[in-house]
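The values are calculated or read from the model by the stated rules, or taken from the named source; none is laboratory data. The structure displayed is predicted, hence computed values, not measured ones. Positions of Cβ are backbone-derived with ideal geometry, glycine not excepted, and every protein chain shown enters the neighbour counts.
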Amino acid sequence: MKLTEQEVRGVADLANLALTDDEVARMRHDLDEILTHIDKLNELDTSGVEPMAQVLFDAEETATLREDRERPPVGTEAALANAPLSGSGYFKIPKVIER
Amino acid sequence: MTTIDSIRKGLLAKQFTAREIAQKALAHGEAKNAETNAFLTFSPERALAAADAVDQKIAAGEDPGALGGVPIAVKDVIVTRGLRTTCGSRLLETYIPPYDATVVARLEQAGGVIIGKTNCDEFAMGSSNENSAYGPVRNPVALDRVAGGSSGGSAAAVAQGTVPLSLGSDTGGSVRQPASFCGVVGVTPTYGRVSRYGLTAFASSLDHVGPFATTVKDAATLLRAIAGRDECDATSAFAPVPDYASALDANVRGLKIGMPREYFENLESETGDLVHRAVDTLKQLGCEVREITLPHTQYAIATYYIIATAEASSNLARYDGVRYTRRAQADTLSDMYRRSRGEGFGAECKRRIMLGTYVLSAGYYDAYYLKAQKVRALLAKDFSDAFKEVDAVVAPVSPFPAFKLGEKMNDPLAMYLSDIFTITGDLAGIPCMSVPCGKTAAGLPVGLQILTRHFDETSMFRVAHAYEQTSNV
C-alpha cells in the first residue's frame, strides 16, 4: 500500500474531512489503486517540458481587465440568505476565541 | 421531431403558443421523471413567465429571439436565481442562488424557456450519474442502464423528448459521454468559448458549459446564443462567435480527417464497427481520411485525475458549513467544518477531495501536480501536431455503450478508465462533440466524436452535420 492509515487520516485532516473508520480503510484501498495507475507518468521524461497550467490564447496582457465602474452588489440579505446561521448582517460560526 | 425551427414556424404561424409548449414540456418531464429521474426541480412559474413574454412579442409582431419559445433544461450545477440549485449534492439540498449564470441569462435573453434543473453526478464528478445524492438517472433508451455522466439528466431530458435543448457541463467528458449513451448530440466548445460565470467550479482549468440537442443544427444555434466574451469570467475568450448554423451546409469534400490509432484499440466490437462505418460515410462524402497518432494518449487518465482532483480539492473547500445551507452541529469551528463536509459530501467527492489534497500536499506537488501539468502540455502538443496535417480528428466517444446501473460502482478506477477518449479534448482545450452514429444490436446508441482546432467549432459542426444528413441513424 502506498499510504499508511495514518497518512490517510493526515490527508483527511488537511482537507477538513471527517471520515469514519470504514471510510478510511476504503479510501486507503482506492487511493492506492489510483496512485498505482498514476505512477505510469514516471515512464515519461518531462525534463525541459513547460508545465501547462491553463489553456492560453494569444491576447494582450491587459486584455482581461474590465472597465472600473460601480456595479450594484448582491446585497447583504441575499448573500446571507443561504447561511445555516446568521445575524446582524454576518455569518455566525461556533466560538473560536475563549474568554 | 421538435426542433428550434419547427417551434419557431409553429409560433409564427399561430399554430400553438409558447405557453402551450412550455406546459406540454413540463407535463411530459414530470410524467417521465418516475421512469428516468432526469429532473431534480421543475420551474413552472419561471417557464410560463418566459413563455408568456415570447407570446407577447409574437402578438406585437416582434421577433421572438433565436431560441424563442424553446423549452430548455439546465444541469443543476449551473446557478439559477431564485431556483434551487443542488449540484446533485445533499450539501446544497435547499440552496437558492442569488444570481443567474451568464449562460442562463443569455439563453433567456434569446427567448429560451427554462423548464427545470437536471440531475447530475454530485458536483459533476462521475461517469454514470450514479453519484447523485438524488438517485441515478436511468437511460431513456434502456431503463436498466446508466444515462452516462455527469450530465446524465440533461442528456436524458433531450433523449426522452421532454425538451429539444439542454445545457450540461464537461470537465472530462460529461457532455459527450452521456450524449453518446443516450443517442443525442452533445458539444464541448473550445475552452473559454462559453462563460463559466455561475457554473459551479469543479476543475477550473478544464470546466466547460456545453449544449445538448437532437440535431447538430440546434446544438450549433444554442452554442451561438450562449458563447462569447463575458466580463464576469476573466477566462472567457474574446474571439468573435460565428453564425455556426448558417455555415453548416458547406461542402466537406477534401476536408482532411485524422483517425488516431490509439483510439481504435481495445474497443468493444460493436462500438468499433459503428464508428468505423461512420468514418466510411465521411470518406464517401469526400473527406480525406488518414491514420494519425496521438502518442501520449495512454497517459491521459493519470494526468486528468491529478489535475482535476487537485483543482477540485481547492474549489470544494468553500463548502465548509458557513455559507451554503448545510451545517453539522459541533462545538468548535474545526469540528464544524470537518463534520459538515464529512456528512455532506458523497463517496466520490470525498475520494476526489482526498486524492487532490494528497497530490498537492507538501513534498508531493512536484511529483504529481507539476508532472501532470507537463504531461498535459505533451497531450496538447499531440493535438497541435496532428492539426498541422488534418482539419479534424474523429474517434469513438466511449469504449463501450451504456452499461448497467451498478456495474462499475464498486470499482472507481474502472469508472475513471472509461473516460479515456473524452478527457484528452478537455486537457487540450479543443472543441469536441458527440454525434449519434447508430445503435448496437441491443439497441444501445453509440456516438462518433469529432475534434477540431481551438475556436474552429465551425468545421466540427460541418463534419457532424454532413454526417448526420447522410446517415439514417
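Is it true that B:Ala278 is part of a helix (DSSP H, G or I) and either touching a strand residue (DSSP E or B) at 6+ places or on another chain (Cβ under 6 Å) or surrounded by fewer than 15 Cβ atoms within 10 Å (Cβ to Cβ) (or both)? It is true that B:Ala278 is part of a helix (DSSP H, G or I) and either touching a strand residue (DSSP E or B) at 6+ places or on another chain (Cβ under 6 Å) or surrounded by fewer than 15 Cβ atoms within 10 Å (Cβ to Cβ) (or both). Residue check: A:Gly87 meets all listed conditions (1) closer than 19 Å to B:Gly321 by Cα; (2) within 9 Å of chain B (Cβ to nearest Cβ) but one, namely (2). Residues that are part of a helix (DSSP H, G or I) and facing another protein chain (nearest Cβ under 7 Å) were ranked within region B:304-333; the one that is surrounded by the most Cβ atoms within 10 Å (Cβ to Cβ) is B:Ile306. If you check B:Arg341, B:Arg351, B:Arg376 for being in contact with a helix residue (DSSP H, G or I) (Cβ under 7 Å, 6 or more places away or on another chain), farther than 21 Å from A:Thr46 by Cα and within 8 Å of another protein chain (Cβ to nearest Cβ), only one passes: B:Arg351. Pick out the one residue from B:Phe421, B:Phe383, B:Phe387 that is under 23 Å from B:Ile292 (Cβ atoms) and in a loop (DSSP other than H, G, I, E, B). Answer to the selection: B:Phe421. Every test in (1) modelled with pLDDT under 95; (2) in contact with a His (Cβ under 7 Å, 6 or more places away or on another chain) is passed by B:Lys217 save one, and that test is (1). Evaluating B:Gly272 against the criteria (1) within 14 Å of chain A (Cβ to nearest Cβ); (2) surrounded by 14 or more Cβ atoms within 10 Å (Cβ to Cβ) leaves one unmet condition, (1). Per the listing B:Gly173, B:Gly254, B:Gly258, the residue uniquely over 22 Å from B:Thr422 (Cα atoms) and either more than 14 Å from chain A (Cβ to nearest Cβ) or surrounded by fewer than 24 Cβ atoms within 10 Å (Cβ to Cβ) (or both) is B:Gly254.
No other residue among A:Thr76, A:Thr4, A:Thr64 is facing chain B (nearest Cβ under 7 Å) and of a type in the set (Ser, Thr, Tyr) apart from A:Thr64. Of the listed requirements (1) outside any loop (DSSP other than H, G, I, E, B); (2) under 23 Å from the mean Cα position of the chain (by Cα); (3) farther than 26 Å from B:Gly346 by Cα; (4) not charged (D, E, K, R), A:Ala53 misses just one: (1). Taken over region B:424-461, the criterion of being farther than 21 Å from B:Lys256 by Cα, of a type in the set (A, V, I, L, M, F, W, C) and either within 13 Å of another protein chain (Cβ to nearest Cβ) or part of a strand (DSSP E or B) (or both) is satisfied by B:Leu427, B:Val446. In region B:281-303, of all residues being assigned to a helix (DSSP H, G or I) and among the small types (Gly, Ala, Ser), the one that is nearest to the other protein chains (Cβ to nearest Cβ) corresponds to B:Ala302. Considering region A:9-58 alone, what residues qualify as being exposed (fewer than 14 other Cβ atoms within 10 Å of the Cβ), within 7 Å of chain B (Cβ to nearest Cβ) and either touching a Phe, Trp or Tyr at 6+ places or on another chain (Cβ under 6 Å) or among the acidic types (Asp, Glu) (or both)? Across region A:9-58, the qualifying residue is only A:Glu50.
Check B:Val187, B:Val158 and return the single one that is aliphatic (A, V, I, L, M) and either in a strand (DSSP E or B) or farther than 22 Å from B:Thr440 by Cα (or both). Checking each option against the conditions leaves just B:Val187. Looking for whichever is more than 30 Å from B:Leu378 (Cβ to Cβ) and at pLDDT 95 or above here; the options are A:Leu14, A:Leu19, A:Leu65, A:Leu31. Which one fits? Unique residue meeting the criteria: A:Leu19.
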